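Accompanying notes for the structure given below.
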Amino acid sequence: MSSPTIIAEPRLAVTSESTSRRLPNSVLGMIIFIATEVMFFAALMSAHTIARATAMGGVWPPAGQPRLPVERTAINTAILLLSGILLWIGNRRISTDRESALRYVASAIASGIAFVSLQGVEWVALLREGLTMTSSNHGAFFYLIVGTHALHAVVAIMALTWVYVLMRRGTLAPSTFIATQVFWYFVVILWPIIYLRVYL
């Protein structure tokens, strides 16, 4: 009597190609974080829009409150957008010219620091002119929205600086660089929206 023949079922081989297509956990986590931050900023700007639309007499900013520095902030906005472009170029160069990529990333960091510094100068001037968190809804929303964005910018600059250090050491993981870029691009793209809604 012959023994039964066992037919082995074919197994799907897990190749490096299939695993490489998976989104890295750090990038996925950053995307989820940014999604929550988009909703947070959308809520803040919606509240600001309602306060502006229902302002007494339809006057905004309220009487006695200083005008926001629209022209200077437009220049500062261009600086922040430039930083995003510089980081994008740095990312394009990293695989072919590491030293060039380092220069572009450093320039992106310097542009981000310039943006935050100029905002600080702007805040000092507005405080001297009487715009505070308690002076009006205009002041409260301005410092809350712009200040929260500035906090994100500072954290992103710190992350970019750490990425730069790892690049110089040659120990930068691609997923770390991508996640940090996603965060910085969020900061960069969000700002023109804030500028249009809050300053104009």
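The values are calculated or read from the model by the stated rules, or taken from the named source; none is laboratory data. Just so it is clear, the structure is predicted and the values come from calculations on it, not from any experiment. Backbone-built Cβ (ideal geometry, glycine too); neighbour counts: all protein chains shown. Accessible surface is based on the protein model in full, side chains and every heavy atom, while ligands, DNA and RNA are left aside. Shrake-Rupley method; radii C 1.70, N 1.55, O 1.52, S 1.80 Å.
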Test result for ALA78, open to solvent by less than 60 Å² (accessible area, probe 1.4 Å) and without any contact (Cβ under 8 Å) to a residue 12 or more places away in the chain = yes
note = Residues in the stretch 81-98 that are assigned to a helix (DSSP H, G or I) and either touching a residue at least 60 places away in the same chain (Cβ under 8 Å) or among the aromatic types (Phe, Trp, Tyr) (or both) total 7
task = Give the stretch 99-150 a look and list any residue that's open to solvent by 70 Å² or more (accessible area, probe 1.4 Å) and not in a helix (DSSP H, G or I), or say none.
result = GLU129, MET133, THR134
query = Which ones in the stretch 171-181 are surrounded by fewer than 18 Cβ atoms within 10 Å (Cβ to Cβ), part of a helix (DSSP H, G or I) and hydrophobic (A, V, I, L, M, F, W, C)?
reply = ILE178
